[in-house]
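Asks: To start, I am sharing the structure in question, which I have written as structure tokens.
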Amino acid sequence: MTINLVIERFQTIWNQIQKTPTKIPTRVSIPRSHVDSGTAMGGTFQNNAHYFQVRINEMYLANSREWFSKYDPLIFVVSEFTYDKKFEAVPFIVGPTLIEKYGQKAPTGMVFSNTRVAGVHPYRGGRLTLSIILCRVQKENYAKGLLRLVENTTKIIDFSTALSTYIKLGGILLDGIETLFGLGGTESLIGIRRELDPDAGDIMEPGFFVLIDKPETQLDTNQLWVRDNQLVYGSSPSEAKPFREADYVLYSIVQTSERQDETTLPFYPLYERVKESAFNPSKNSPPQIKANLLNLYQTLFLSPDLTPIQARKLFNSYVAEIKEIYKEAIGIGSLGTDEFDIGELDESDVSSNLDKVAKILELDLTL
């Protein structure tokens, strides 16, 4: 299934959801001045310089809806953004299994917090569109196995490190969601489709947003605050209490300059092979190791999962480590000889073609 078909399929589902008779929810962008970490969230996203992720920071389910006794909760999230030179759609399900496992009972209901539903991905420019829908599913009117299958499908592959593979599951997820809505026991309560498009003048920056199952006319949105990634309500941050007047979903767009999970990315096994070759200098000549390094360089900079800035930083650190490993291996191999020198190696046998390529790329591959 091509991505255009996946987006088209989701648009059909979204149109069906919009026809569901529900109350008009409150949809609020929380001002940074109302967020305890507002000054540390970062500025405008820069193309190829920042990463983004989308998080469900908190979901509150009031006992008044008889959650988990008559209904199972379901959050359906679809993120649309540019990845690997294409505009992709990434669906994700936060279902009853996850909510019951990580949720906490509150005196008035259930609280679920801090789940990543998209990212970490490089921001490649263009728009970011988020669709978030809170649903309730009647326990007696749906196939439990189907909902479990839909939920587990999202957990088979980590979308932050294997997005290209995860995207292929998009059609399966949408099939399951469409079937659930077609069974008649699934009802959307509140939903939003938010598009941030810099080309249309929107500011693409980190922020907190909340979707509340209560009309805005019955709520003073100026008293909404975010404290410790939780929604609180009151005249000031110090006096505010956890918001418990209605069901809600608090979500955020998060910015970072580097991702910390490079060991799980597809390129990392290549780096380990290059490093392994440095441990065996008797079997691997400097030209061979340099050729491997240039292959690694190309792989890092072509990776759709890294920004160019972090790709260069990682490569420089990898080269430094491989140099050190190679010199130490030469030294260990020289133990017991009359001369023990692990200084710079004689590079007279290094391929001139490799040196020319390295010079053009301004890489220091001296072993």
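Asks: Please give the solvent-accessible surface of MET110 in Å², to the nearest 10, using a probe radius of 1.4 Å with every protein chain present.
Replies: The accessible area of MET110 comes to roughly 20 Å².
Asks: Oh, and also: Given +1 on the Cβ of Lys and Arg, -1 on the Cβ of Asp and Glu, and no further charges, what dipole in debye does the stretch 243-330 carry about its Cα centre, rounded to the nearest 20?
Replies: Around 500 debye, computed over the stretch 243-330.
Asks: Could I ask something else about it? Report, in listed order, any pair from LYS85/LYS275; LYS290/LYS327; LYS283/LYS327; LYS101/LYS139; LYS70/LYS241 with a Cα-Cα distance greater than 20 Å.
Replies: Going by Cα-Cα distance, LYS85/LYS275; LYS70/LYS241 fall outside the 20 Å limit.
Asks: Report the accessible area of ARG273, computed with a 1.4 Å probe over the heavy atoms of all protein chains in place, in Å² rounded to the nearest 10.
Replies: Spelled out: ARG273, probe radius 1.4 Å, area about 140 Å².
Asks: Here's another thing I want to ask about it. Which GluC sites (Glu not before Pro) in the stretch 203-255 sit in a loop by DSSP (not H, G, I, E or B) and have at most 15 other Cβ atoms within 10 Å of their own Cβ?
Replies: Passing both the DSSP loop test and the Cβ count: GLU239, GLU245.
Asks: At 1.4 Å probe size, put HIS121, HIS34 in order of accessible surface, largest to smallest.
Replies: Final ranking, largest accessible area leading: HIS34, HIS121.
Asks: Right, here's the next one. What are the semi-axes of the equivalent ellipsoid for the stretch 244-329, taken as the square roots of 5 times the Cα gyration tensor eigenvalues, largest first, in whole Å?
Replies: Its equivalent ellipsoid spans semi-axes of 38, 12, 10 Å.
Asks: Starting from the amide H of ARG124, placed 1.01 Å from N in the peptide plane, find each other amide H under 5 Å away whose residue is 5 or more places distant or on another chain.
Replies: So ARG124 has HN proximity to ASN48, THR82.
Asks: What FRET efficiency do you get for SER285 and SER64 if R0 is 56 Å and r is their Cβ-Cβ distance, rounded to the nearest 0.05?
Replies: Taking R0 as 56 Å, the efficiency between SER285 and SER64 is 0.15.
Asks: How about the stretch 55-103: which GluC sites (Glu not before Pro) there are in a DSSP loop, with at most 13 other Cβ atoms within 10 Å of their Cβ?
Replies: GLU66
Asks: Something else about it: By its C-alpha gyration tensor, with a ≥ b ≥ c as the square roots of the eigenvalues, how is the stretch 129-272 shaped: rounded for a/c under 1.5, else prolate for a/b larger than b/c, else oblate?
Replies: Because a/c hits 1.5 or more and a/b fails to exceed b/c, the stretch 129-272 counts as oblate.
Asks: For a Förster distance of 25 Å, can you work out the FRET efficiency between the beta-carbons of SER317 and ASN152, rounded to the nearest 0.05?
Replies: 0.10
Asks: Just to verify a number: what accessible area does MET59 come out at with the full protein assembly present, 1.4 Å probe, Å² rounded to tens?
Replies: 0
Asks: OK, next. TYR233: net charge of surrounding residues, Cβ under 10 Å, Lys/Arg +1, Asp/Glu -1, itself excluded?
Replies: Net local charge, TYR233 excluded: -1.
Asks: Per residue, how much accessible area does the stretch 33-116 show when a 1.4 Å probe rolls over the protein heavy atoms, in square angstrom?
Replies: Value for the stretch 33-116: 42 Å² per residue.
The values are calculated or read from the model by the stated rules, or taken from the named source; none is laboratory data. Values in this document were obtained by computation on a predicted structure and should not be read as measured data. Cβ coordinates were reconstructed from backbone atoms using ideal geometry, including for glycine residues, and neighbour counts include every protein chain displayed. Side chains are part of the model used for accessible areas, which takes the heavy atoms of the whole protein and leaves out ligands, DNA and RNA. Shrake-Rupley method; radii C 1.70, N 1.55, O 1.52, S 1.80 Å.
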